[in-house]
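Read through the structure below, which is laid out as structure tokens, and then see the notes.
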Amino acid sequence: MLRFDGRVVIVTGAGNGLGKEYALAFGERGASVVVNDLGGSTSGDGSKSSRPADEVVDLIKSRGGKAVADYHSVEDAKAVIQTAIDNFGRVDILVNNAGILRDKSFVNMTEQDWDLVHRIHLRAAYLLSHAAWPYMRKQKYGKVIVTSSTSGLYGNFGQANYSAAKMGLVGLSNTLSLEGAKYNITCNTIAPTAFSRLTQDLLPPGAEENLKPVFVMPLVLYLCHESCADTGSLFEVAGGWIGKVRLQKSSGAMVRRANAPMTVEDVRDNWQEIVSFAKPLYHLTQADQVTHIMNAVESITNTDQANSNVLTET
Ligand code: NAI
């Protein structure tokens, strides 16, 4: 059994849905849990309540676990991290999970809808990770999870604000995984689908039974366990199915020719090759991507050189 004894975990938005399942499971497996939740509405409007966080804390304690409630908004990131330090003396695991929705067709989306969704999802994940980072660096151990969405990966009608923030989290995680490597800090991204108060009106019939939040929980806990070294990865997870997602590109075409201007028509004439995924490529690092481009450019220079040799010889 994978255990978390001695580890301190912060789960944001842990009063409901997915976060609640993570918090309960961490508590059952020996971690000290900060149950963060401001007890707000799904849109971030209206009154707040300490009840969701308190109920989860009570459940963890009633099962013999260790937990403390934190009612700050994730925007008060330093205060959230401080709750872990004050109560348990460290922070090992940060699960960025809290979230809201303000769905509107793009034409009707206000700046407030855009900004609030970005603040709670993307900016708060930055603030929280940034506040936890010095502790994780110092102890040379940390596990960070960010929560993206298939709405970001594939787009979704009425969610321009949410999609953009959720894709931003993928970029954040990609870079945190690189910067954390030296300090044994991993950062991974999940794009879950689960029946919750956030999605109950959006998912098809049968979702309540088949897409329970508890079916997402095991992946998150595994990624946060000391035995899992994976970092910089992105996973789709729903209903018990888990798959890793990566960016892919076509093998493309070098449309520029030696000693000739590059034209719009060169693009048109090579379009099929540019967009064909017959031989897909993917890169694990940006350095791989740069090498690929430099090789492609070199192939023109070589051709150029070859051409000039031919010209000299003839
Ligand atoms: P939920 O609405 O059941 O739980 C979210 C919790 O976050 C709530 O308890 C809420 O009070 C809390 N919260 C909201 N704003 C907060 C703030 N400023 N500070 C602290 N807590 C705050 O939603 P669910 O479905 O469990 O979603 C969890 C995460 O998973 C979200 O980031 C969501 O965008 C993401 N997600 C969920 C999907 C799903 O199918 N349920 C799909 C894709 C992503």
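The values are calculated or read from the model by the stated rules, or taken from the named source; none is laboratory data. Model, not experiment: these values are computed from the prediction. We place every Cβ from the backbone using ideal geometry, glycine too, and count neighbours over all the protein chains shown.
Structure summary
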item	result
Ala194 vs. criteria more than 18 Å from Leu2 (Cα to Cα) and in contact with a Pro (Cβ under 7 Å, 6 or more places away or on another chain)	yes
Condition met for Tyr141 (modelled with pLDDT of 95 or more and more than 18 Å from Val80 (Cβ to Cβ))	yes
Residue match in segment 31-45 (condition: farther than 28 Å from Gly180 by Cβ and of a type in the set (Asp, Glu))	yes
Qualifying positions in segment 263-292 - over 23 Å from the mean Cα position of the chain (by Cα) and either surrounded by 12 or more Cβ atoms within 10 Å (Cβ to Cβ) or aromatic (Phe, Trp, Tyr) (or both)	Thr263, Asp266, Val267, Asp269, Asn270, Trp271, Glu273, Ile274, Ser276, Phe277, Thr291, His292
Filter result for Gly64 (within 10 Å of the ligand (Cβ to nearest atom) and surrounded by fewer than 20 Cβ atoms within 10 Å (Cβ to Cβ))	no
Selected residue (criterion: nearest to the ligand (Cβ to nearest atom)) from residues of segment 71-95 that are of a type in the set (Asp, Glu) and without any contact (Cβ under 8 Å) to a residue 40 or more places away in the chain	Asp76
Selection within segment 252-278 - touching a helix residue (DSSP H, G or I) at 6+ places or on another chain (Cβ under 8 Å) and either within 30 Å of Cys187 (Cβ to Cβ) or hydroxyl-bearing (Ser, Thr, Tyr) (or both)	Gly252
Residue selected from segment 183-218 under the condition more than 12 Å from the ligand (Cβ to nearest atom) and of a type in the set (A, V, I, L, M, F, W, C), by the criterion nearest to Val146 (Cα to Cα)	Cys187
Residue match in segment 25-47 (condition: more than 21 Å from the chain's Cα centre (by Cα), away from the ligand (no atom under 11 Å from the Cβ), surrounded by fewer than 24 Cβ atoms within 10 Å (Cβ to Cβ) and in contact (Cβ under 8 Å) with a residue 40 or more places away in the chain)	yes
Segments classed as helices (runs of 4 or more DSSP H), wholly inside segment 195-314, with at least 3 members that are in contact (Cβ under 8 Å) with a residue 40 or more places away in the chain	217-223, 286-313
Residue ID - farthest from the ligand (Cβ to nearest atom), chosen from residues in segment 155-182 that are part of a helix (DSSP H, G or I) and closer than 20 Å to Pro213 by Cβ	Leu169
Test: Val117 is in contact with a His (Cβ under 7 Å, 6 or more places away or on another chain), assigned to a helix (DSSP H, G or I), within 15 Å of the ligand (Cβ to nearest atom) and among the β-branched types (Val, Ile, Thr)	no
Selected residue (criterion: farthest from the ligand (Cβ to nearest atom)) from residues of segment 99-114 that are over 17 Å from the mean Cα position of the chain (by Cα) and within 27 Å of Asn188 (Cβ to Cβ)	Trp114
Segment 8-42, residues that are assigned to a strand (DSSP E or B) and over 14 Å from Asp58 (Cα atoms)	Val8, Val9, Ile10, Val11
Members of segment 132-154 that are away from the ligand (no atom under 13 Å from the Cβ) and free of Cβ contacts under 8 Å to residues at least 12 places away in the same chain	Pro134, Lys138
Failed item, numbered, when Asp5 is tested on (1) within 15 Å of the ligand (Cβ to nearest atom); (2) outside any helix (DSSP H, G or I)	(1)
